[in-house]
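S.K.: One structure coming up, written as structure tokens, with questions to follow.
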Amino acid sequence: MYMSNDNKPIGWWLRYVDGLIERGFETALADEGATRRQWQVLNVLAGGAADVAAVEAALAPFLTADGAAEAVLAELVARGWARTDGPAVALTPDGAAARERMTTAVRRHRARTVRGIDEREYAALVATLRRMADNLT
């Protein structure tokens, strides 16, 4: 097993970094009063209308409970950022505008996250994590 010099295993670092990423998204989206899940659903809907199953499939790694996608979609509909049309949910003009406003803040957060990491290092990190995920599934 590989351990860092301070004796923290990869699982510790993954959880720690994940928490920092989540807090960074909270800060980035605070001006809009949006959550990371809402941001992710807005991105799915930006590709065109989708049903709940499509949203769930796109966000499966991030949804922790049954009905979570429906709850987020309901929040977006209540805010006027999405509308339902039968089983499909679509982005409204207000939702598209909110998503655009959040894009700049999210890009700054993502740039901060990878600051000092060149493209090769990033690609290697993602490839390693993907192999680890494959090993565990």
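S.K.: Hey, got a sec? Which trypsin sites (Lys or Arg not before Pro) in region 67-137 land in a DSSP loop and have at most 14 other Cβ atoms within 10 Å?
M.R.: Of the trypsin sites (Lys or Arg not before Pro), the ones in loops of region 67-137 whose Cβ has at most 14 other Cβ atoms within 10 Å are R115.
S.K.: Using the Kyte-Doolittle scale, which helices in the chain average at least -1.0 and also have C-alpha atoms spread 27 Å or more along the helix axis, with helices defined as whole DSSP H runs?
M.R.: 10-29
S.K.: Suppose every Lys and Arg Cβ carries +1 and every Asp and Glu Cβ carries -1, with no other charges. What dipole size does region 23-133 come out with about its Cα centre, to the nearest 20 debye?
M.R.: In debye, rounded to 20, region 23-133 gives about 560.
S.K.: Quick one: Debye curve from the C-alpha atoms of the chain, no solvent, what's log10 I(q)/I(0) at q = 0.09, 0.16 Å⁻¹?
M.R.: -0.34, -0.96
S.K.: For region 1-110, which chymotrypsin sites (Phe, Trp or Tyr not before Pro) pass both filters: DSSP loop (anything but H, G, I, E, B) and at most 14 other C-beta atoms within 10 Å?
M.R.: Within region 1-110, the qualifying chymotrypsin sites (Phe, Trp or Tyr not before Pro) (loop, at most 14 other Cβ atoms within 10 Å) are Y2.
S.K.: L129 to L14: extension gain in nm, 0.36 nm per residue of separation minus the Cα-Cα distance? Don't skip to the answer; put the middle values down first.
M.R.: Details: separation 115, 0.36 × 115 = 41.40 nm, distance 0.99 nm.
So the chain would gain 40.4 nm between L129 and L14.
Values in this text are rule-based calculations from the coordinates and carry no lab data. The model shown is predicted, which means the values in this text are computed figures rather than measured ones. Don't worry about glycine lacking a Cβ; one is built from the backbone with ideal geometry, like all the others, and counts go over all protein chains shown.
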